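Note sheet for the following structure.
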Amino acid sequence: MSAPAPTYVAVLTPESPGAIAVVAVSGDGAGRLVAPICRRRNAGSIERFDAGLPRLVQIMDGEQVLDDAIVSAFTIGDVPRIELNLHGGVRIVQRVVGVLERVGGRLISATAFEDRFGGRSSFDRDVDKALMVAGSRRLAIWLMAQRRALPSFFSEWSTFNDEEITAFRRRSEAAIRLIRGVRVALVGPPNAGKSTLANRLIGHERVIVSSEAGTTRDWIDETAIIDGWPVTLTDTAGVRDTHCEIESEAIRRGAAQARSSDLVLAIVDATEPADSRRRSIEATLSAVSSDAPTLVVVNKTDAVSKRIEPATAAEECWVSALSGDGMELLEHRIADALKLNELDSTEPTGFFPAHLYGRPETEVERTTT
Ligand SMILES: Nc1nc2c(ncn2[C@@H]2O[C@H](COP(=O)(O)OP(=O)(O)OP(=O)(O)O)[C@@H](O)[C@H]2O)c(=O)[nH]1
Ligand SMILES: [Mg+2]
């Protein structure tokens, strides 16, 4: 008699803290493996799980309750699968998986599990991976559109000419950066309104604002939704000559952040005379010396009554972080500078580096491991 086919166990959610974790068990013996380690909340035992009838149970390690979990049973193709929806603590997941292994489950990676039982293409898995980190509704909708558009594009890859491939790669660069995480640094002299502008873009009072110059010390990262796209904003300490050691270190750290950003917003104060704004822009940009594109933002337009003369041609955006005036245009400009407008259409566009070569990322992972 041949040995019974193994029952496989995999953690489907990422190995990082989260609100829930999903442990899947697949194979003919899935029910026989899971039922004995579960009990009803009134301590009664569980005989079996019925498909389509999720149950709230306690997962047990002997007499110890490991977690309250929702357990659902279904079949994929004709293979029975049971999913345990646990609380997301890393320790709970480890212990539940440990119990499942002890009663005979064979632990495999989520990728191997998906290969065996998922029934989904590797590109679908790319979309799911990206959706997990997509920080905005617009990006999620865009990814769902790619789920339809990209596979047929990949299947015709060999028929495209160089020009078509180049256009595809150009569109894709912006999306790859967005999925990896786009960073925008706010720099400028003290009191220009960097933190007020950061709060306005973030949508709540995340950072401290005060009329005292030198308020922001350590740089602060926070996600803002710019034109519908998720962008990480870094508010930094105002750039000026100072004898204060702590402030100097804060300025140095802020400049380092700006150098590793995808875009630098140089904020200046509209109430300053044009000459002094010009000097501020020069001093700020030389202090951060970043290769990233720069957008000069003139803030506090509400505080000046007469028309302000541009100090340099680079002064492109005029806003009032206090009243919100000009913010919509500023958001468009930021999105343009980050080339996110490349994603306005639903043309096939890659979002992982492997897509630049016409194949799903998971395929590359598999051939390189
Ligand atoms: N009238 C007006 N005041 C503003 C505006 N934006 C900021 N302020 C004021 O300018 C002062 C400094 O604002 P902050 O946002 O703390 O400036 P900051 O550039 O972050 O300053 P540091 O952290 O010290 O470098 C505060 O009193 C703000 O209320 C604006 O658009 N209009
Ligand atoms: Mg500040």
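Values as computed for the structure displayed
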{"read-out": "Scan of segment 209-219 for residues that are near ligand 1 (Cβ under 10 Å from one of its atoms) and touching a strand residue (DSSP E or B) at 6+ places or on another chain (Cβ under 9 Å), ordered by number", "value": "THR216"}
{"read-out": "THR196 vs. criteria more than 19 Å from the chain's Cα centre (by Cα), near ligand 2 (Cβ under 9 Å from one of its atoms) and not in a loop (DSSP other than H, G, I, E, B)", "value": "yes"}
{"read-out": "Complete set of residues in segment 293-302 that are touching a residue at least 40 places away in the same chain (Cβ under 8 Å) and either hydrophobic (A, V, I, L, M, F, W, C) or on the phi > 0 side of the Ramachandran plot (or both)", "value": "LEU295, VAL297, LYS300"}
{"read-out": "Residue within segment 66-86 that is under 16 Å from TYR8 (Cα atoms) and in a helix (DSSP H, G or I) present", "value": "no"}
{"read-out": "Qualifying residue in segment 265-276 (condition: over 30 Å from LYS306 (Cα atoms), among the polar types (S, T, N, Q), outside the structural domain of ALA174 (by TED's automatic domain parsing) and away from ligand 2 (no atom under 16 Å from the Cβ))", "value": "no"}
{"read-out": "Subset of segment 134-170 that is basic (Lys, Arg) and within 19 Å of the chain's Cα centre (by Cα) - its residue that is nearest to TRP229 (Cα to Cα)", "value": "ARG138"}
{"read-out": "Conditions (1) modelled with pLDDT of 80 or more; (2) within 14 Å of ligand 2 (Cβ to nearest atom); number of the one not met by ALA224", "value": "(2)"}
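Every residue, every condition in (1) within 30 Å of GLU114 (Cβ to Cβ); (2) assigned to a helix (DSSP H, G or I); (3) in contact with a helix residue (DSSP H, G or I) (Cβ under 8 Å, 6 or more places away or on another chain); (4) assigned by TED's automatic domain parsing to the domain that holds SER16, yes or no:
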residue: LYS129; (1), (2), (3), (4): yes, yes, yes, no
residue: ALA140; (1), (2), (3), (4): yes, yes, yes, no
residue: MET144; (1), (2), (3), (4): yes, yes, yes, no
residue: PHE154; (1), (2), (3), (4): yes, yes, yes, no
residue: SER158; (1), (2), (3), (4): yes, yes, no, no
residue: ILE176; (1), (2), (3), (4): yes, yes, yes, no
residue: ALA192; (1), (2), (3), (4): no, no, yes, no
residue: LEU201; (1), (2), (3), (4): no, yes, yes, no
residue: THR215; (1), (2), (3), (4): no, no, yes, no
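The values are calculated or read from the model by the stated rules, or taken from the named source; none is laboratory data. What you see is a predicted model, and the numbers here were worked out from it, not measured in a lab. FYI the Cβ positions are ideal-geometry reconstructions off the backbone, even for glycines, and counts take in every protein chain you see.
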